[in-house]
2 protein chains.
Amino acid sequence: MDRISKLTATAEQLFDRHGYMATGIDRLTEAAGMSSRTLYKHAGSKAALMARVLTERDRRFMARLDVQTVDALFAALEDWVRVEGCRGCLFLRSRAETGGDTPEIADAVAAHKDAFHRRIAEVVAKDLGQDDPALAEQMLILFEGATHAAVYRGQQAVAAARAVAAILLESARG
Amino acid sequence: MDRISKLTATAEQLFDRHGYMATGIDRLTEAAGMSSRTLYKHAGSKAALMARVLTERDRRFMARLDVQTVDALFAALEDWVRVEGCRGCLFLRSRAETGGDTPEIADAVAAHKDAFHRRIAEVVAKDLGQDDPALAEQMLILFEGATHAAVYRGQQAVAAARAVAAILLESARG
DNA sequence: ACCAATGTAAAACGATTGCTTTACTTTACA
DNA sequence: TGTAAAGTAAAGCAATCGTTTTACATTGGT
């Protein structure tokens with residue numbers, strides 16, 4: 001694992017667990033086992049590092065959502081929550097923490113949410129046999145809802161959202 | 001309006017718009033039109049101020065959810081989003097920003113989410129004519145989903161969640 | 001008229017911020 | 001073997017953090 005990957009992975013952990021603003025450079029360098037000089041040479045800035053973290057997370061997250069059915073979408077979220085824990089959506093959180101005023105971060109978030117929305121619409125279309133933007137919107141809401149409710153309601157929130165998704169899909173079919 | 005109310009209202013605006021960590025004391029005192037001495041005399045600390053903000057917000061938010069039907073629940077959210085904007089749930093955000101390590105904040109968030117969950121269960125029970133914890137969980141997910149999807153999908157997210165809620169309730173009745 | 005409460009502005013607290021620099025060591029390859 | 005790239009530790013940058021203090025002004029009630 002090269003240094004920049006190590007740094008990105010470490011930063012993702014710390015930003016996710018303690019918050020972007022609350023995580024100082026010192027904590028980052030210590031955890032990643034490198035000097036601040038090396039960190040800045042590779043990352044450019046703290047904001048750019050966060051953007052890199054988000055881009056990498058988007059890649060990993062979207063790879064999990066590479067599925068064929070709506071049910072698999074929520075199954076993937078169950079896996080994600082089990083593996084990565086549930087502290088809310090890091091994308092929305094990092095944008096909120098910076099008030100949307102850090103372009104590198106705001107752009108990475110916008111790109112992710114756009115891709116996320118498109119993916120859900122694709123899966124819904126594939127599963128249903130036709131486009132259904134309204135149903136996709138509902139699935140997106142269930143997904144976001146499960147993600148954030150899971151923070152304080154636990155895993156069962158994802159299972160509940162999954163059940164609703166099945167009802168909606170069945171209803172759209174019939 | 002007395003000083004502490006003015007301070008609390010100002011702090012809520014700034015924390016919500018720019019984030020808790022990103023909002024410094026100087027910005028707070030300037031916006032509230034008071035010295036830092038007065039701020040600390042009334043608020044105690046920055047974290048205590050945030051806890052006060054959350055408690056006050058809980059009061060205002062829960063007052064809006066004092067309704068009799070599930071549909072009115074989502075209508076109330078539509079109003080809230082229209083009036084207060086949509087930057088996600090300030091409770092979850094502030095806990096995430098502090099990594100859950102600031103007891104005053106974490107406690108205020110836990111208290112709110114507990115009351116929120118209970119309120120939804122109450123309204124569901126009233127509207128349906130009987131308790132239905134599973135349905136309440138689903139409604140909670142829709143509510144959270146609408147709140148967070150609205151950040152990047154806009155008002156329509158709330159309307160979509162409202163439609164799903166109606167379907168679920170009808171389905172539970174039949 | 002007085003006193004206690006409550007406010008102010010402004011300086012300073014030590015700690016920490018993101019970031020840069022200096023000086024030195026290790027590594028890899030021709 | 002020699003050299004260039006890439007790493008390190010550690011000190012230091014000005015700025016800002018949340019917080020406290022100092023010294024003084026303005027109130028309202030007895």
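Numerical summary
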item	result
Stokes-Einstein D for chain A, Kirkwood Rh over Cα pairs, 25 °C, 0.890 mPa s (µm²/s)	143
Euclidean distance between Cα centres, region B:110-161 to region A:18-78, Å	30
Kyte-Doolittle mean at least -0.5, axial Cα span of 18 Å or more - DSSP H helices of chain B	B:46-64, B:70-84, B:103-128, B:133-153, B:156-173
Accessible area per residue, Å², region A:53-173 with all protein chains present, probe 1.4 Å	39
Between A and B, accessible area buried - total, square angstrom, nearest 100, 1.4 angstrom probe	2900
Pairwise FRET efficiency - B:Gln13 versus B:Ala63, Cβ, R0 = 22 Å, nearest 0.05	0.75
Pair-distance profile P(r), taking every C-alpha pair of the protein assembly as shown, with 20 angstrom steps and integer %	29, 57, 14, 0
Residue-averaged beta-carbon neighbours from other chains (10 angstrom radius) around A:87-94	5
Label-point gap, in nm, between A:Gln130 and B:Ala172 - each point 7 angstrom along Cα→Cβ	3.1
Accessible carbon and sulfur surface of region A:94-170 relative to its total accessible area, %, 1.4 Å	49
Farthest positive-ward along the protein assembly as shown dipole, Cα basis, beta-carbon charges - from A:His148, B:Ser5, B:His148	B:Ser5
Positions from region A:137-174 whose accessible area shrinks by 50 Å² or more when the full protein complex is built, not the chain alone, probe 1.4 Å	A:Glu137, A:Gln138, A:Ile141, A:His148, A:Tyr152, A:Arg153, A:Val164
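The values are calculated or read from the model by the stated rules, or taken from the named source; none is laboratory data. Everything numeric in this text was worked out from a predicted model, so none of it was measured. For neighbour counting, all protein chains shown are included, and Cβ atoms are generated from backbone atoms with ideal geometry for every residue, glycine included. Note: areas computed on protein heavy atoms with side chains; ligands, DNA, RNA excluded. Shrake-Rupley method; radii C 1.70, N 1.55, O 1.52, S 1.80 Å.
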